[in-house]
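See structure below.
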Amino acid sequence: MEYNHIEQSRIPACTLDTQLFTKLWSVFSQDGDFLWHATIGENDDLLGKQELEERPVRTIESWEELIAVAKKMPRIDQLTLTVEVPEKGTIAIALKNFVPCSGKLIVTGAEEQWVNDRFDDCLALFTARKKTFNTLLYTRLGFDVVQTVIPLGSMFVIVLLAAVFFIPIEIRISEWYWWITGATIIITLRSAYSVSNWLIVYCMNKYPYIKWQGR
């Protein structure tokens, strides 16, 4: 069946709990029976160096299993949930807890009102558990500050001060000037890359995009 209406939005950084999953089930079951498919994964690769297709995920067999597995995981790497309501439409939820962190809700359907109602119901559940700072942190601007601005700015200052204090001015203004300039640029970029990775991992551990409430 072709679905002509669609609503989609970013899901904010939030906490998950049993109540959220229970309410989601209530939203999905408003029209009676539905088909659903869910996967959940756990991974220590916070920087997202491993391809998405290669990241380990577990297919869930029951709603109770989904809650139990999510509750036990020390850190949820990703979660996908797809629901199809016959003759009505589909609801897709995807959450990524690794770089680039994201959350997405997509609702498609044959009737515009059905799409709008299910979209509003689902988004409201996640918004009620929104972590404002975490959400801002993983916007394009917020993440650029963590990934680039802070590491590059701090390392530029540190390397520049080190060059001024430890390299005599006679050498800095001699024929070695261009060699010193090139070396400081390379050192700044390399150290900024290391600091960037450390800072990203720190932020993702302290301010995850999704986490189970109480863990």
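Return yes when M1 is modelled with pLDDT under 95, hydrophobic (A, V, I, L, M, F, W, C), farther than 24 Å from T132 by Cα and open to solvent by 10 Å² or more (accessible area, probe 1.4 Å) and no when it is not. For M1, the condition - modelled with pLDDT under 95, hydrophobic (A, V, I, L, M, F, W, C), farther than 24 Å from T132 by Cα and open to solvent by 10 Å² or more (accessible area, probe 1.4 Å) - is met. Applying the criterion of being under 25 Å from T18 (Cα atoms), in contact (Cβ under 8 Å) with a residue 40 or more places away in the chain and open to solvent by 30 Å² or more (accessible area, probe 1.4 Å) to the residues of region 177-213, the residue that is farthest from the chain's Cα centre (by Cα) is Q213. Selection over region 126-141 of residues that are more than 20 Å from N205 (Cβ to Cβ) and touching a strand residue (DSSP E or B) at 6+ places or on another chain (Cβ under 9 Å) gives a count of 3.
Counting only residues that are assigned to a helix (DSSP H, G or I) and within 18 Å of the chain's Cα centre (by Cα), region 1-53 holds 2 of them. The numbered conditions (1) closer than 15 Å to R118 by Cα; (2) under 13 Å from the mean Cα position of the chain (by Cα); (3) open to solvent by 60 Å² or more (accessible area, probe 1.4 Å) are all true for P100 except (1). Going through (1) part of a helix (DSSP H, G or I); (2) more than 30 Å from I67 (Cα to Cα) one by one, M204 falls short only on (2). Entry remark, region 142-176: residues being exposed (fewer than 14 other Cβ atoms within 10 Å of the Cβ) and either in contact with a strand residue (DSSP E or B) (Cβ under 7 Å, 6 or more places away or on another chain) or in contact (Cβ under 8 Å) with a residue 24 or more places away in the chain (or both) number 2 in total.
Please determine, by comparing only the residues of region 31-50 that are closer than 21 Å to N197 by Cβ and not polar (S, T, N, Q), which one is surrounded by the fewest Cβ atoms within 10 Å (Cβ to Cβ). Spell out the reasoning first.
Here is the first cut: in region 31-50, the ones closer than 21 Å to N197 by Cβ are 42-50.
This time we only want the ones that are not polar (S, T, N, Q), so: 42, 44-49.
Working: E42: 18, D44: 11, D45: 12, L46: 20, L47: 13, G48: 18, K49: 9.
Looking at the filtered set, the residue picked out is K49.
Do the conditions hold for C122, that is, is it in a helix (DSSP H, G or I), farther than 30 Å from N4 by Cβ, open to solvent by less than 60 Å² (accessible area, probe 1.4 Å) and touching a residue at least 24 places away in the same chain (Cβ under 8 Å)? First the steps, then the outcome.
Numbers: in a helix (DSSP H, G or I): yes; farther than 30 Å from N4 by Cβ: no; open to solvent by less than 60 Å² (accessible area, probe 1.4 Å): yes; touching a residue at least 24 places away in the same chain (Cβ under 8 Å): yes.
Spelling it out, it is not the case that C122 is in a helix (DSSP H, G or I), farther than 30 Å from N4 by Cβ, open to solvent by less than 60 Å² (accessible area, probe 1.4 Å) and touching a residue at least 24 places away in the same chain (Cβ under 8 Å).
Within the set K71, K88, K96, K49, the sole residue that is touching a residue at least 60 places away in the same chain (Cβ under 8 Å) and more than 18 Å from T18 (Cβ to Cβ) turns out to be K96. Of all the listed residues (I67, I60, I76), the sole one being within 30 Å of S196 (Cα to Cα) and touching a helix residue (DSSP H, G or I) at 6+ places or on another chain (Cβ under 7 Å) is I76. For the condition over 14 Å from the mean Cα position of the chain (by Cα), modelled with pLDDT of 95 or more and of a type outside the set (D, E), T90 qualifies.
Hey, any hits in region 169-186 for a residue that's touching a helix residue (DSSP H, G or I) at 6+ places or on another chain (Cβ under 8 Å) and part of a loop (DSSP other than H, G, I, E, B)? The answer is no, given that none of the residues of region 169-186 is touching a helix residue (DSSP H, G or I) at 6+ places or on another chain (Cβ under 8 Å) and part of a loop (DSSP other than H, G, I, E, B). For the residues I60, I67, I6, the requirement of being open to solvent by 30 Å² or more (accessible area, probe 1.4 Å) and touching a Ser or Thr at 6+ places or on another chain (Cβ under 8 Å) singles out I6.
The values are calculated or read from the model by the stated rules, or taken from the named source; none is laboratory data. Small disclaimer: the values here were computed from a predicted structure and weren't measured. Cβ atoms come from the backbone with ideal geometry, glycine included; neighbour counts cover every protein chain shown. Remember, those area values only see protein heavy atoms, side chains included, never the ligands or the DNA or RNA. Shrake-Rupley method; radii C 1.70, N 1.55, O 1.52, S 1.80 Å.
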